Amino acid sequence: MDYKEHAFTFSCGTNRLLGITTIPEQALDVGVLVIVGGPQYRVGSHRQFTLLCRDLAKSGIPAMRFDYTGMGDSEGDLRNFEEVDKDIAAAVDAFLENCENLNQVILWGLCDAATAAAFYACKDPRISGLVLLNPWVRTIAGEAKARMKHYYLSRIFDPALWKKIFSGKFDFSGSAKDFLGSASSASGPVGSSALPERMRTSLEKFQGGILFILSGNDLTAREFDDLAKSPDWRGLVAGTQRLDLAEADHTFSRREWRDRVSSRTIEWILKEKS
């Protein structure tokens with residue numbers, strides 16, 4: 001399906017932000033707003049956000065990506081992911097204004113953008129769905145437990161580790177110190193800090209559909225997965241959809257992983273829409 005891309009600016013308070021819409025000729029009334037995570041701008045790592053929006057448009061789903069305040073080509077001082085509600089609200093307004101017949105918006109975010117989307121969605125009735133990739137729920141205890149479980153244990157079976165040990169190149173002192181530090185930090189409860197609790201509360205309030213996409217080769221995703229298995233999260237997660245990509249890294253750096261993310265996002269949206 002043919003599509004058109006349009007770059008424009010829109011207001012967020014006193015700042016001008018840059019957005020780009022990717023609109024198919026025959027667009028559905030539900031679209032995807034890509035929320036940018038970390039120190040990134042609208043293109044995304046490995047051009048993932050640009051390619052995703054084009055894939056969506058080819059399937060009839062309008063999409064928009066934009067630069068937060070203080071990032072990319074947008075004005076203002078940089079904000080962290082817990083301070084971007086106004087940016088997201090302004091982007092939703094701009095998306096609806098620039099896409100005829102659009103009346104529902106799905107927020108799509110990776111890492112701390114997923115968390116920002118989760119915080120915002122329950123506050124805006126125009127948001128009908130969430131696609132959350134490797135959500136950021138970092139706590140000291142949670143990170144330490146994930147590292148102990150998914151890094152140290154897996155290294156026992158890594159031939160490269162044993163090669164270093166037998167060649168005398170392995171740093172026993174440094175590794176022991178790191179291991180003991182992680183073991184000490186892991187003694188606290190996984191979901192004890194405010195960030196995971198606030199995210200869970202926000203998602204419980206949200207009435208729309210949720211799709212989680214998790215990388216197998218990523219500590220952030222493993223930390224979220226461990227949290228999702230805890231008693232406080234099981235009920236919430238049971239009512240959502242999920243895709244696991246066992247070999248994928250945090251930013252889905254290979255084309256096959258990015259394509260799988262795009263195709264699953266599209267499948268989920270079309271099913272939710274039907």
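The values are calculated or read from the model by the stated rules, or taken from the named source; none is laboratory data. Treat the numbers as computed from the prediction; the structure is a model and nothing was measured. Counting neighbours? That spans all protein chains shown, and the Cβs are built from the backbone with ideal geometry, glycine included.
The condition of being in contact with a strand residue (DSSP E or B) (Cβ under 7 Å, 6 or more places away or on another chain) and either modelled with pLDDT under 95 or crowded, with 17+ Cβ neighbours inside 10 Å (or both) holds for LEU243.
Scan segment 49-61 and give yes if some residue there is part of a loop (DSSP other than H, G, I, E, B), more than 18 Å from THR265 (Cα to Cα) and in the same structural domain as SER215 (by TED's automatic domain parsing), otherwise no. No, segment 49-61 contains no residue that is part of a loop (DSSP other than H, G, I, E, B), more than 18 Å from THR265 (Cα to Cα) and in the same structural domain as SER215 (by TED's automatic domain parsing). Taken over segment 28-56, the residue count meeting the criterion of being of a type outside the set (S, T, N, Q) and surrounded by fewer than 21 Cβ atoms within 10 Å (Cβ to Cβ) is 12. Looking at (1) more than 22 Å from ILE23 (Cα to Cα); (2) free of Cβ contacts under 8 Å to residues at least 40 places away in the same chain, which is the one condition that is false for LEU96? The one condition LEU96 does not meet is (1). For segment 68-92, the set of residues classified as in contact with a strand residue (DSSP E or B) (Cβ under 8 Å, 6 or more places away or on another chain), over 26 Å from ASP2 (Cβ atoms), crowded, with 18+ Cβ neighbours inside 10 Å and of a type outside the set (Val, Ile, Thr) consists of TYR68, SER74, ASP87, ALA90, listed by residue number. Would you tally the residues in segment 219-257 being farther than 25 Å from VAL43 by Cα, in contact with a Lys or Arg (Cβ under 8 Å, 6 or more places away or on another chain) and outside any helix (DSSP H, G or I)? So the answer is 0.
Condition test on PRO24, is it out of contact with any helix residue (DSSP H, G or I) (no Cβ under 7 Å at 6 or more places or on another chain), at pLDDT 95 or above and surrounded by 15 or more Cβ atoms within 10 Å (Cβ to Cβ)? It is false that PRO24 is out of contact with any helix residue (DSSP H, G or I) (no Cβ under 7 Å at 6 or more places or on another chain), at pLDDT 95 or above and surrounded by 15 or more Cβ atoms within 10 Å (Cβ to Cβ).
Considering (1) assigned to a strand (DSSP E or B); (2) within 22 Å of the chain's Cα centre (by Cα); (3) under 24 Å from ARG255 (Cβ atoms), say which one HIS46 fails and leave the rest. The number of the failed condition is (1).
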